[in-house]
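Undergrad: Encoded as structure tokens, here's the structure I'll be asking about.
Values quoted throughout were computed directly from the atomic coordinates according to the rules given, and no laboratory measurement underlies them. Bear in mind that the values here come from a model prediction, so they are computed numbers and not experimental data. Quick reminder, even Gly has a Cβ in these numbers, built from the backbone with ideal geometry, and neighbours come from all protein chains shown.
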Amino acid sequence: AQSVTQPDIHITVSEGASLELRCNYSYGATPYLFWYVQSPGQGLQLLLKYFSGDTLVQGIKGFEAEFKRSQSSFNLRKPSVHWSDAAEYFCAVGLPYSGAGSYQLTFGKGTKLSVIP
Amino acid sequence: GAGVSQSPSNKVTEKGKDVELRCDPISGHTALYWYRQRLGQGLEFLIYFQGNSAPDKSGLPSDRFSAERTGESVSTLTIQRTQQEDSAVYLCASSETMYNEQFFGPGTRLTVL
């Protein structure tokens, strides 16, 4: 079964500093890859996704992610963090599941980002 | 257009009671998903509906959990004889088709006392 690992449970950065959130997946083939953000009390919002093609993906709110097949990684980056970026970030893998006609996302456990003013 | 909506936003119930959670997907979205998010955990897949096909129930944790969907509209997730370990946020998502971006609702926070 596929799995998603986000090694960092909690990260704290200063406003204006750069950010990298790590995500590794375990699966034989290249899955669809996603990053979602969840602000307190709110649902998940898609930041960006990778299906195929260019391995550097641009998303909303100034985020980008790079797919590295050799490392089975899809790390999320932002060059300069804003206080409003404080939230929880989830990496997810999308694959056909349990036979034909089914599909699900498998999520990592999330990384909570705190931003120091 | 409106996003995915869920009701109620919060539900507190006593152990052993049944609860019903509702999800209204985005109009026209054929795929609908239910996930469970326990405190400090990632999302756990529960069930998936695609159009009029039989749902994929393989993620349901026990036979106390069931879900229905009327055509390509509203879905309800029912938990019978609730247990304290059922306490979690239940999230619903919908997408245009199976592999498209999933749009999430705000969730229902269920607390079982």
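Undergrad: Would you mind checking A:109/B:17; A:109/B:57; B:11/B:57 for any pair whose Cα atoms are more than 26 angstrom apart?
TA: On the way: A:109/B:17 29 Å; A:109/B:57 22 Å; B:11/B:57 23 Å.
Beyond 26 Å: A:109/B:17.
Undergrad: First select every other residue whose beta carbon is under 12 angstrom from the beta carbon of residue B:70; then total the charges, Lys and Arg +1, Asp and Glu -1.
TA: Surrounding charge for residue B:70 is -1.
Undergrad: Taking the beta-carbon count within 10 Å as an exposure proxy, list A:93, B:12 from fewest neighbours to most.
TA: By the 10 Å Cβ count, ascending: B:12, A:93.
Undergrad: Taking a cut-off of 20 Å between Cα atoms, list the lysines near residue A:68, but don't count ones fewer than 8 places away on the same chain.
TA: The qualifying lysines are A:49, A:78.
Undergrad: Between residue A:8 and residue A:114, what is 0.36 nm times their sequence separation minus the Cα-Cα distance? Round to one decimal in nm.
TA: 36.9 nm
Undergrad: Need one value for B:38-44: mean number of C-beta atoms belonging to other chains within 10 Å of its residues' C-beta atoms.
TA: Mean number of neighbouring Cβ atoms from other chains: 5.
Undergrad: Using per-residue counts of other Cβ atoms within 10 Å, averaged over each peptide, order A:8-15, B:54-61 from highest down.
TA: Descending packing order for the listed peptides: B:54-61, A:8-15.
Undergrad: Sticking with this one: Averaged over B:91-102, how many beta carbons belonging to a partner chain fall within 10 Å of each residue's beta carbon?
TA: Shielding by partners across B:91-102 averages 3.
Undergrad: Quantify how strongly other chains surround peptide A:106-113 by giving the mean number of their Cβ atoms within 10 Å of each of its Cβ atoms. Provide the component values of the computation, followed by the final result.
TA: Details: counts 4, 7, 3, 4, 5, 0, 1, 0.
Taking all residues of A:106-113 together, the mean is 3.
Undergrad: Would you kindly calculate the translational diffusion coefficient of the range A:1-111, applying Stokes-Einstein with the Kirkwood radius from alpha carbon pairs, for 25 °C and a viscosity of 0.890 mPa s, and quote it in µm² s⁻¹ without decimals?
TA: Values: Rh = 14.4 Å.
The estimated diffusion coefficient comes to 171 µm²/s.
Undergrad: For the range B:11-91, what does the alpha-carbon gyration tensor say about shape, rounded, prolate or oblate, given a ≥ b ≥ c as the root eigenvalues, a/c under 1.5 as rounded, and a/b over b/c as prolate?
TA: Note, shape of the range B:11-91 comes out prolate.
Undergrad: Using a ≥ b ≥ c from the Cα gyration tensor of the range B:22-65 (square roots of the eigenvalues), is it rounded, prolate or oblate, where a/c under 1.5 gives rounded and otherwise the larger of a/b and b/c decides, a/b for prolate?
TA: Judged from the Cα gyration tensor, the range B:22-65 comes out oblate (a/c at least 1.5, b/c at or above a/b).
Undergrad: Using the count of nearby Cβ atoms within 10 Å as a rough guide to exposure, how do A:50, B:35, A:32 rank from fewest to most?
TA: A:32, A:50, B:35
Undergrad: Continuing with the same structure: If you rank B:79, B:26 by fewest surrounding Cβ atoms within 10 Å, what's the result?
TA: Least crowded to most crowded, the residues run B:26, B:79.
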